[in-house]
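To keep things clear, I will list the structure first and then write my remarks on it.
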Amino acid sequence: MKRYKKLFWLGIPILLIFVIWIKWDNWFYNPSEPPYTSSTIPDRILLTWSGNALNSRDVTWQGDTVTHTGFLQIMSNSTPGDTVFYTSPSKIIKTSGGASSFFRVGMKNLKAGETYRYRVANGNSWSDWYNFKIADSTDSAYSFIYIGDVQDSINGVSGKLFHRAYESEPNAAFILFVGDMIERPHDAYWAEWFKAGGILFRTIPIIATPGNHEYYKGLIQKLDERWMAHFSFPQNGPPNFLGRVCYWDYQNTRYISMDSNGIQSIQSAFEQRNWLKSVLENTHQRWIVVIMHHPIYSTSRGRDYFYLRALFKPLIDQYDVDLVLVGHDHAYGRAAHISNSRFKDKQGAVYVGSHASPKVYDTGFSEKMDKLATNTQMYQLLDVSNDSIRFRAYTADSTYFDGFTIHKDAAGNRSVTENAPKNSSAYLKPTASFLRKTSKKEMEKYNHEMEDWEKSKNK
Ligand SMILES: [Fe+2]
C-alpha cells in the first residue's frame, strides 16, 4: 500500500511536467514580433463610439513616433462650412518589433439623422475624407453585422466576408466582432485585420470584445496594449477591465461585452460577474445582447468552458438576456429554445458561435446545438426592431445557412421561430486536420455521431 502511495505522489509531478511539455507552445510560447516601421501618414483609422450613440463618435488612428500631435477635422453634410477641429496627443506604444503613435478623438454634440465628413492628420499629413451617419433618433429599428474570429487572414482575405456582409446590409449601424480579430499580437497581424476591413472600419462603427489571440500568452496573460489603443470603447466597466468589459446602448438594445480571456483568477471572475449582475439589474432596454469570445456552450469537439457557464449562465437566465454571441470555436453552432429543439433549456437566450477564419475546427455534435457547420467561414446579419430580432447566417459564398427570429410581445414574453434549411452532412464533414490524425475506428465513430445528430435534428 505504502509503495502505491509513493508511486502515486511521484507520478503527479511527472504527469504535470509531461502535460506542460505537451502544452508549452499553446500556453506559454509567444513567437517574437518581426520588426516593423509605422506609417508617416494616418493609418488604421477606426470608427467607434464610447458615449451616446445618437450624438457622439470616436476615431482612433496610428502613425509614426515622430509626430506628437494628431488632428481631426469634421463637418456636417448639411452645413459644410460648419467645421470643427479636434487635437489628440500621441500615445506611443513600444513592442518588441517597433513603436507607433496612437491618436484618439471623441466627437461630441453630433446631430441625429446627420451625415458627417471627417479626416485625420498626423502633423501636416492628412488622410482622405470619410463619411459616417448618425441614426435618426426616432427610428429604433436597425441592422448590424456580426463577425466571428478572423485570425489567420492571409493578405486580408477574410475581408471578403465583411464586404459581402455589407453589400447585403448597406445600412448596417455597426459591425460586431467577438474577438480573435488577429492571429497574434503582432503589428503585421493588426495590418491584416485593418486591410480586411478597409473603408468599412472608417465609415461604420465597430463593437468588439477581446479574444485569446489578442493576449500575450503566459502564466498571467496580458492583453496587447494596441487593442486598447485601437478600440475607443465606453469606460463603464469594472476597474481592472475598463474599455474591454463594457456596455453600449444602441437604440432599443444594450450590448454587453465580457472579457472571457481575462478570467484568470477567482478575483477577476467575480469582478466581471458582479459587474454584469449590477449592469443587468439596471438594464431597461427592450433587448439585451451579451458578447464574449469563449462560448457558454461549445460547438467544437472536446471543448467545454464550464466555468463560463457556471459564472454567467444564471445571470443570463435571471435577467432574460436575449442573445449571446461568441467566437473561438472556429465552427458554426446555434442553440436556441425553439419548440422542436431537443435542447431542454427553454428558458434562456439564443446562443450563437461563429467564425470567419480560414482555420477550421471539428464539431462535437452537441445535442444542445440545433444548427452546426464545419469547414466554412460565415457572416451574420441581424435586423432589430421593437418586436423582433431577425438573425441570418451565410456561408462565405453567400449561401443562406441559418436563420431564426426572436419575438417579444408587449408584455415582454419571448418566443423563437426558426427559418433554417435542414441540417446537411455537407456542412458536417471532418476537417482535413481531423482526417490526418484519425484512425479508421475513430472515423467510424465520427460518422455515427454525425448521422445520429443529423437524424435527431431533422425530425
Ligand atoms: Fe479564440
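No lab work stands behind these numbers, since they all come straight from the coordinates. Please read these numbers as outputs of a predicted model, since none were measured by experiment. Counting neighbours? That spans all protein chains shown, and the Cβs are built from the backbone with ideal geometry, glycine included.
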**OP:** Fewest Cβ neighbours within 10 Å first, please rank W27, W453 accordingly.
**Re:** W27, W453
Original post:
Under a no-solvent Debye model with one identical scatterer per Cα of region 342-409, what's log10 I(q)/I(0) at q = 0.17, 0.22, 0.26, 0.27 Å⁻¹?
Top reply: -0.72, -1.08, -1.27, -1.30
**OP:** Could you pull out every one of the lysines with an alpha carbon less than 27 Å from that of K160, ignoring same-chain neighbours closer than 8 positions?
**Re:** K133, K195, K359, K371, K422, K429
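Show that you can apply the helix-only estimate: for the chain, add -39,500 (n - 2.57) for every DSSP H stretch of four or more residues, divide by all residues, and state [θ] at 222 nm to the nearest 500. Walk me through the numbers before you get to the answer.
Numbers: 9 runs with 111 residues, N = 459.
That comes out to -7500 deg cm²/dmol.
If eta is 1.567 mPa s and T is 4 °C, what Stokes-Einstein diffusion coefficient results for region 43-133, Kirkwood Rh from Cα pairs, in µm²/s? Walk me through the numbers before you get to the answer.
On the way: Rh = 13.6 Å.
Estimated via Stokes-Einstein, D reaches 95 µm²/s.
At a 10 Å Cβ-Cβ cut-off, how would you order L428, L435, L161, fewest neighbours first? Write down the numbers at each step before the final one.
On the way: L428 22, L435 12, L161 26.
Starting with the residue having the fewest Cβ neighbours, the order is L435, L428, L161.
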Original post:
Hey, if you put +1 on the Cβ of every Lys and Arg and -1 on every Asp and Glu Cβ in the chain, which of V290, A135, S88 ends up farthest toward the positive end of that dipole?
Top reply: V290
Original post:
For region 252-326 and region 358-426, what is the separation of their Cα centres, given in Å?
Top reply: 19 Å
Original post:
Please state the Cα pair-distance histogram of region 369-441 with 10 angstrom bins from zero: what percent is in each bin?
Top reply: 17, 38, 25, 14, 6, 1
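Assuming 0.692 mPa s and 37 °C, estimate D for the chain with Stokes-Einstein, Rh taken as the Kirkwood radius over Cα pairs, in µm²/s.
On the way: Rh = 23.3 Å.
Value of D from the Cα-based Kirkwood radius: 141 µm²/s.
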Subject >> Residue-by-residue Karplus 3J(HN,Hα) for region 129-137, coefficients 6.51, -1.76, 1.60, Hz, glycine and proline x >> reply: 8, 10, 10, 8, 10, 9, 5, 6, 4
Subject >> Theoretical FRET efficiency, 1/(1+(r/R0)^6), r = Cβ-Cβ of A396 and S140, R0 45 Å, to 0.05 >> reply: 0.90
**OP:** May I ask you to sort M75, M450 by Cβ crowding, counting other Cβ atoms within 10 Å and putting the fewest first?
**Re:** M75, M450
Original post:
If the cut-off is 22 Å between C-alpha atoms, which lysines fall inside it for K91, apart from same-chain ones fewer than 8 positions away?
Top reply: K108, K222
Original post:
So, in nm, how far is label K440 from label D304 when the simple model puts each one 7 Å beyond its Cα toward the Cβ?
Top reply: 3.1 nm
**OP:** With θ set to phi - 60°, apply the Karplus curve 6.51 cos²θ - 1.76 cosθ + 1.60 along region 282-291 and write out the HN-Hα couplings as whole Hz, x wherever there is a Gly or Pro.
**Re:** 10, 9, 10, 5, 5, 10, 10, 10, 9, 10
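How much length is gained if the chain between T115 and Y216 is pulled fully straight, taking 0.36 nm per residue apart and subtracting their Cα-Cα distance, in nm to one decimal?
Details: separation 101, 0.36 × 101 = 36.36 nm, distance 3.90 nm.
That works out to 32.5 nm of additional length.
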